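One structure is given here, and the rest of the page talks about it.
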Amino acid sequence: MVTNKAIPLSVPNLSLDILEHIRETIETGWVSTGGRFITEFENKVAKYVGAERAVSCQSGTAGLHLALRVLDIKPGDEVIVPTVTFIAAVNPVKYVGAEPVFMDCDDTLNMDMDKLEEFLEYECDFIDGKVINKKTKRQISAIVVVHVFGNPADMEKLMDIKEKYNLKVIEDSTEALGSYYLEGKYKGKYCGTIGDIGVYSFNANKIITTGGGGMLVSNNQELLDKAAFLGVQAKTDPLYFIHDEIGYNYRMTNIQAAFGVDQIDRLESFIETKIKNYNLYKEALKDIDGLTLLPFRSDTRANHWFYSVIVDKDKYGMDRDELLRKLNDENIQTRPLWGLIHKQKPYLDNQRYRIKKASFYEKNLINIPCSSNLSEEEVKIVVEKLKLLKTKE
């Protein structure tokens, strides 16, 4: 069964049906930041997640930057962020002149809400509706929560914390389009639609792609109006080119959106395949001592974007890093968890709070192939290679 066939980690699942859309953009000349596909894609995303409106942008990172701007996060403010995430979730905090405070993860890899609550209660003062960090004397104004690998975070507890401490919540749902809650207060609600504003990404490795691109959603129409305004260079009077604020060239192109209108229609089939392949891995990996496939929350319908395996060196016979090298040498693309953000050079001086579990997952987690066009045969190849590598030890 094991072959030298290259199996990528996560690649786009594209259809040639999209060519008619691309042809239209070329024939009409609408290839840049105007055209019908932009509006159509925004409407389709909004309808899919149950939001009244969506505003497109150039990337998930651009979306997060706009979210921080429209929520009026000021220079000198602090924003609580996870250390387990891609650095793009944190960098926009610096773009607006604010400072991140890093929080640990729980066993879902998402922000540890118990530690968050503990930090706010014991390390901060709540004065006149504002959270003041006792250590830095700065105001904490917002929380960026990331639904890591498409596994929904505990938004019920987070929103209770938000209300108690008068904080703003940005949902980084760049990995979680299609994930929603099955139980509790937010039953039926999609990731990205619960906090003040949510952001999606359509990068090439995401569950649907426009090559690049992002999207903002919110229940607050004023926030989206402001995001749309800032994303097109803040033109107060577009006819006479009057600009009263600093804006950005952040709008999605019509060519990107032409991809998106096709991709969003196929999202549920992609998730179905992701779940099927995850369950194949889950059943097979039970027989390999020393490898544990991390679960998704059972009270949610996660999109199963990335699959995570924990490597127990003592039981498996090699550590995560050795397994990572061997699999990639065998043309099975795998990757480690991101380097923890609080340990990255630009953030060494920023506050972090009781980081413990994140360090364990950083050391022992590996992501295995999970594309939405991954075949059952390819899943078997990956599993057989994992079995062979253990046997050789």
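The numbers here are math on the coordinates, done by the rules we state, and not lab data. All values reported here derive from a predicted model rather than from experimental measurement. Heads up, the Cβs are rebuilt from the backbone with ideal geometry, glycines too, and the neighbour counts pull from every protein chain shown.
Worth pointing out:
- The Rg/Rh ratio for region 163-314 is 1.08, where Rg is the radius of gyration of the alpha carbons and Rh is the Kirkwood radius.
- Measuring how big region 106-213 is from its alpha-carbon positions, Rg and Dmax come out at 15.1, 45 Å.
- Karplus-derived 3J(HN,Hα), 6.51/-1.76/1.60, for each residue of region 183-194, Hz, glycine and proline x: 9, x, 4, 10, 3, x, 8, 8, 3, x, 10, 9
- Taking amide H as placed 1.01 Å from N in the peptide plane, residue 138 has its amide H under 5 Å from the amide H of 133, each at least 5 places away in sequence or on another chain.
- Residues whose amide H comes within less than 5 Å of that of residue 7, counting only those at least five positions distant or on another chain, are 332, 333 (H built at 1.01 Å from N in the peptide plane).
- Scalar couplings 3J(HN,Hα) for region 6-22, obtained by applying the Karplus form with A = 6.51, B = -1.76, C = 1.60 to θ = phi - 60°, are 6, 10, x, 6, 7, 10, x, 10, 10, 10, 5, 4, 5, 4, 5, 5, 5 Hz; x denotes Gly and Pro.
- Solvent-free Debye scattering, log10 I(q)/I(0), computed from the Cα coordinates of the chain at q = 0.08, 0.12, 0.13, 0.14 Å⁻¹: -0.43, -0.96, -1.10, -1.24
- Rounded to 0.05, the FRET efficiency of the residue 276 and residue 240 pair, given R0 = 56 Å and the Cβ-Cβ distance, is 0.50.
- Peptide ranges 66-72, 279-285 listed from the most packed, as the mean C-beta count within 10 angstrom indicates: 66-72, 279-285
- Of the GluC sites (Glu not before Pro) found in region 1-86, those that fall in a DSSP loop while having at most 14 other beta-carbon atoms within 10 Å are 52.
- Dipole size of the chain about its Cα centre, with +1 on Lys/Arg Cβ and -1 on Asp/Glu Cβ: approximately 640 debye, rounded to the nearest 20.
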